[in-house]
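Take a look at the structure set out below.
The values are calculated or read from the model by the stated rules, or taken from the named source; none is laboratory data. None of the values given here were measured: they were computed from a predicted structure. For neighbour counting, all protein chains shown are included, and Cβ atoms are generated from backbone atoms with ideal geometry for every residue, glycine included. Areas reflect the complete protein model, heavy atoms only, side chains present, ligands, DNA and RNA absent. Shrake-Rupley method; radii C 1.70, N 1.55, O 1.52, S 1.80 Å.
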Amino acid sequence: MLKKHLLLFFSLLIGSPFIFAQHVIIEHPGLEQRLGNDSFFDKHQTGFMLYDLEEQEVVFEKNSHLSFIPASTTKLFTFYAALMTLEDSTKRLRYQTKGNDIIIWGTGDPSWEYPHLPDVQMKAFFAPYDKIYFSDQNWEDTAFGYGWQWDDYYYSYSAERSPLPIYGNLITVKNQNRQPQIQPRFFARNINITQKEIKDVERDFHSNNFYYNPNTYSKLESKVPFMTSTETFALLASQFLNKEVIPSKEPLPEEHYILKGIPLDSIYREMLWESDNFLAEQLLLMVSDEILDELNGSAAIDSIKNTFLFDLPDEPQWVDGSGLSRHNLFSPRTMVALVEKIYQIVPDSTLFRLLPQGGKTGTLKNYYRAPSPYIFAKTGTMSNNHSLAGYIKTSSNKLYAFAFMNNNYPYKAKEVIREMEKVMLYIRDNF
């Protein structure tokens with residue numbers, strides 16, 4: 001309870017000035033022409049806002065009060081929640097020792113054998129102990145988020161959430177002479193042949209049985225989610241550590257130890273650059289662990305909304321950490337307010353390093369190209385929806401926050417991005 005009161009007090013101190021200046025709008029015929037009636041963006045639902053960070057005023061908006069499906073720009077909400085609640089490094093796990101044995105509880109930390117994150121040296125930590133007990137009694141969530149599409153279950157971007165992930169809750173499959181080689185080897189016995197004409201390895205919906213067709217199998221490498229459970233984790237961890245890991249129902253005691261983990265910057269960058277859904281979901285669980293002493297993403301969202309985000313222009317309908325759910329709904333002016341909040345607490349050099357840069361890094365590597373990057377932003381894409389939110393640096397060396405949201409268009413995302421780029425280039429060269 002004390003944590004919640006402190007969060008509320010701190011949030012009142014740092015309330016965004018955006019809410020006091022959002023109605024100061026300047027006319028810009030060039031933007032009206034590119035975004036207004038009879039433009040490309042008049043053919044589908046489009047919302048846009050451009051905000052002067054130095055003057056703290058809105059300089060242009062179109063439908064900025066309407067709600068849009070944000071897709072992966074939702075990760076900016078998760079990023080902000082983590083910035084406001086977590087320290088510089090993860091809490092790897094919580095534990096208590098009993099003689100030569102140890103009992104552990106997850107914190108949501110995703111880094112155990114996760115590619116592109118620093119090694120966490122788990123074998124060295126557990127080496128002194130004879131038996132390891134793993135309890136899931138602080139887990140108050142579900143493997144899938146509210147509104148996730150059920151038939152995404154065997155795609156790598158839809159890995160399950162869990163209290164203490166290992167291998168990112170994914171198997172890695174490599175094609176060797178049309179034979180799938182699976183890591184971790186624990187699942188190798190679960191591979192089966194099917195007559196279904198599939199080019200990849202697929203998983204059964206209700207079990208950890210995997211299938212491939214030797215006549216059509218051609219994918220060189222892939223990752224497939226496995227079904228998580230306390231028992232599955234215990235078996236995988238036992239094999240990895242070469243020690244017995246035993247499921248437990250021990251509640252998390254008030255007095256316990258914390259194992260420090262990896263720098264959070266490494267998770268932030270991977271999540272934002274690659275739009276990694278799994279890392280975003282686990283990051284939200286780490287927020288929950290920190291402020292609520294339990295793993296419950298929905299409860300963490302409610303807490304963050306009521307403390308740090310109570311002053312947004314429009315209340316966000318925020319339901320998951322990654323943006324996989326179509327139930328997320330944000331307005332462009334709320335996205336801009338959030339982007340300004342992030343700008344207030346993160347130094348420019350750090351922020352622009354963590355965000356994708358146009359033509360240079362992450363999901364923007366192939367878009368918004370220029371001799372010097374001018375877009376620093378998070379993308380969000382799902383079928384018929386594409387959004388971009390972040391910062392634009394203009395030729396006059398001014399910095400603006402913006403949100404550019406597109407829903408319900410009947411064409412390919414690349415066509416929308418191409419037209420968005422024309423608008424952003426105009427802003428770069430004329431503001």
Pairs of Cα atoms farther than 20 Å apart, the stretch 87-157, % = 49
ask   = the stretch 265-374: which chymotrypsin sites (Phe, Trp or Tyr not before Pro) are DSSP loop and have at most 12 other beta-carbon atoms within 10 angstrom?
value = none
inquiry  = Taking loop as defined by DSSP and a crowding limit of 12 other beta carbons within 10 Å, which GluC sites (Glu not before Pro) in the stretch 247-305 fit?
reply    = E254, E255
query = Which percent of the accessible area of the stretch 135-243 is formed by carbon and sulfur heavy atoms (probe 1.4 angstrom)?
reply = 47
query = What percentages, rounded to whole numbers, describe P(r) for the stretch 197-248 computed over all alpha carbon pairs with 10 Å bin width beginning at zero?
reply = 23, 35, 28, 13, 1
task = State which entries of K174/K360; K75/K412; K393/K422; K223/K414; K43/K422; K196/K412 exceed 19 angstrom in Cα-Cα distance in the structure shown.
result = K174/K360; K75/K412; K223/K414; K196/K412
key: Cβ-Cβ FRET estimate between K219 and E415, R0 fixed at 25 Å, reported to 0.05   = 0.35
key: Overall Cα dimensions of the stretch 286-377, principal axis frame, Å, largest first   = 45, 26, 26
inquiry  = Per residue, how large is the accessible surface of the stretch 299-414? Use a 1.4 angstrom probe and give square angstrom.
reply    = 35
query = Given charges of +1 on the Cβ of Lys and Arg and -1 on the Cβ of Asp and Glu, with all other atoms neutral, how large is the dipole of the chain about its Cα centre, in debye to the nearest 20?
reply = 1340
request  = Give the angle, between 0 and 90 degrees and rounded to the nearest 10, that separates the Cα long axis of helix 230-241 from the longest principal axis of the Cα atoms of the chain.
outcome  = 70
ask   = Out of the stretch 133-217, which trypsin sites (Lys or Arg not before Pro) are coil in DSSP terms and have no more than 11 other C-beta atoms within 10 Å?
value = K196
ask   = With the other protein chains left in place, how much accessible area per residue, in square angstrom, belongs to the stretch 216-283 at a 1.4 angstrom probe?
value = 47
key: Whole-Å distance, taken between Cα centres, linking the stretch 385-431 and the stretch 85-106   = 43
message = Per residue, how much accessible surface does the stretch 112-213 expose to a 1.4 Å probe? Answer in Å², no decimals.
response = 53
note = For the chain, longest principal axis from Cα atoms; helix 75-85 axis from its Cα atoms; angle between them, nearest 10 degrees, is 70
request  = Rounded, prolate or oblate: pick one for the stretch 298-431, where a ≥ b ≥ c are the square roots of the eigenvalues of its C-alpha gyration tensor, a/c under 1.5 means rounded, and failing that, prolate if a/b is larger than b/c, else oblate.
outcome  = oblate
note = As straight-line cross-link partners of K131, the qualifying aspartates and glutamates (C-alpha separation under 19 Å, not fewer than 8 residues apart within one chain) are D101, E231, E244, E250
note = Simple SL model, points at 7 angstrom along Cα→Cβ for L399 and E55; separation in nm is 1.8
ask   = How many percent of the alpha carbon pairs in the stretch 199-287 exceed a separation of 18 Å?
value = 70
request  = Could you work out the Rg to Rh ratio of the chain, with Rh taken as the Kirkwood radius (inverse of the mean 1/r over all Cα pairs)?
outcome  = 1.00
query = At K43 and T172, where each label point lies 7 Å from the Cα along Cα→Cβ, what is the point-to-point distance in nanometres?
reply = 4.3
Mean ellipticity per residue at 222 nm, deg cm²/dmol - from DSSP H runs of n ≥ 4 across the chain, formula -39500 (n - 2.57) = -9000 deg cm²/dmol
Cα gyration tensor of the stretch 34-125 - equivalent ellipsoid semi-axes, whole Å, descending = 47, 15, 12
request  = Pop out the carbon and sulfur fraction of the accessible area of the stretch 291-366 as a percent, whole number, probe 1.4 Å.
outcome  = 43
query = Can you give the FRET efficiency for Q121 and D204, using 1/(1 + (r/R0)^6), R0 = 30 Å, r = Cβ-Cβ distance, to the nearest 0.05?
reply = 0.30
task = Sticking with the crude label model, points 7 Å out along Cα→Cβ, report the distance from L83 to E315 in nm, one decimal please.
result = 2.5
ask   = Quick one: which of 28-40, 52-64 comes out on top by average Cβ neighbours within 10 Å, and what's the full order, highest first?
value = 52-64, 28-40
task = Could you calculate, for the stretch 127-227, the ratio of the Cα radius of gyration to the Kirkwood radius, expressed as Rg to Rh?
result = 1.03
ask   = At what distance in angstrom do the alpha carbon centres of the stretch 39-61 and the stretch 323-342 lie from each other?
value = 14
remark   = In whole angstrom, the spacing between the Cα centers of the stretch 129-186 and the stretch 200-271 equals 4
